[in-house]
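Asks: Quick one: structure below, then a few questions.
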Amino acid sequence: MDGEISKAELKAARTNGQEPLIIDIRSPMRYQQEHIEGSINIPLAQLPAEIERVADEDHVVTVCPHGKSSVRAAQLITSFEAFGGRVESLSCGLSGWDGEVTTAEDGQSRSSADAPF
């Protein structure tokens, strides 16, 4: 694992054309309710079976609700022999993310700062 990435660093990477693969490790139901725009869902329990999906990625960012479980996911990805890229955990988790999100209510993206909760 290469450490943690702040929300500002992730936003900068996304706007500079260095879009990392963002993996949301929450349950599919939670992912459907709200997730970072452009992220994919691989629940933590399924990550070992799906690990080959990330083998060719240069940069991966793992996301969970508060930035704790995503550290475990990042460590798991790093331990995969075929992975040679950089992997980081989003330090603030989804709860601290104030960038674009997609919600189940409207299927549209919006800033999480506009969320009604």
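Asks: Against the condition more than 11 Å from the chain's Cα centre (by Cα) and touching a residue at least 12 places away in the same chain (Cβ under 8 Å), how does G96 come out, does it pass?
Replies: Spelling it out, G96 is indeed more than 11 Å from the chain's Cα centre (by Cα) and touching a residue at least 12 places away in the same chain (Cβ under 8 Å).
Asks: Same structure again: For the stretch 29-58, name all the residues that are under 18 Å from F83 (Cα atoms) and assigned to a loop (DSSP other than H, G, I, E, B).
Replies: If the condition is that a residue be under 18 Å from F83 (Cα atoms) and assigned to a loop (DSSP other than H, G, I, E, B), then I42, A55, D56, E57, D58 are the ones that fit.
Asks: Scan the stretch 36-81 residue by residue and report those that are of a type in the set (S, T, Y), more than 15 Å from G93 (Cα to Cα) and in contact with a strand residue (DSSP E or B) (Cβ under 8 Å, 6 or more places away or on another chain).
Replies: Once the filter is applied, which keeps residues that are of a type in the set (S, T, Y), more than 15 Å from G93 (Cα to Cα) and in contact with a strand residue (DSSP E or B) (Cβ under 8 Å, 6 or more places away or on another chain), the stretch 36-81 yields only T78.
Asks: Just to be sure, is S39 at pLDDT 95 or above and closer than 19 Å to T103 by Cβ?
Replies: So S39 passes the test.
Asks: On to the next question. Specify the residue that is nearest to Q18 (Cα to Cα); the eligible residues are those in the stretch 59-84 that are assigned to a loop (DSSP other than H, G, I, E, B) and modelled with pLDDT of 95 or more.
Replies: So the residue we want is C64.
Asks: Here's something else I'd like to know. Please find, within the stretch 23-43, the residue that is nearest to R72 (Cα to Cα) out of those that are surrounded by 20 or more Cβ atoms within 10 Å (Cβ to Cβ) and among the aliphatic types (A, V, I, L, M).
Replies: Among residues in the stretch 23-43 that are surrounded by 20 or more Cβ atoms within 10 Å (Cβ to Cβ) and among the aliphatic types (A, V, I, L, M), the one nearest to R72 (Cα to Cα) is I25.
Asks: Let me ask something else. For the stretch 1-28, enumerate the residues that are outside any loop (DSSP other than H, G, I, E, B) and touching a Ser or Thr at 6+ places or on another chain (Cβ under 7 Å).
Replies: The answer is E4, I5, I22, I23, D24.
Asks: Can I ask one more? Exactly one of (1) out of contact with any strand residue (DSSP E or B) (no Cβ under 9 Å at 6 or more places or on another chain); (2) of a type in the set (S, T, Y); (3) modelled with pLDDT of 95 or more is unmet by T15. Its number?
Replies: (3)
Asks: Which of (1) in contact (Cβ under 8 Å) with a residue 40 or more places away in the chain; (2) more than 15 Å from S91 (Cβ to Cβ); (3) basic (K, R) is the odd one out, the single condition K11 does not satisfy?
Replies: (2)
Asks: Moving on to the next point. Look at the stretch 86-96 and say how many of its residues are part of a loop (DSSP other than H, G, I, E, B) and either surrounded by fewer than 16 Cβ atoms within 10 Å (Cβ to Cβ) or in contact with a strand residue (DSSP E or B) (Cβ under 6 Å, 6 or more places away or on another chain) (or both).
Replies: 1
The values are calculated or read from the model by the stated rules, or taken from the named source; none is laboratory data. All values reported here derive from a predicted model rather than from experimental measurement. As a convention, Cβ positions derive from the backbone with ideal geometry for all residues, glycine included, and neighbour counts pool all protein chains shown.
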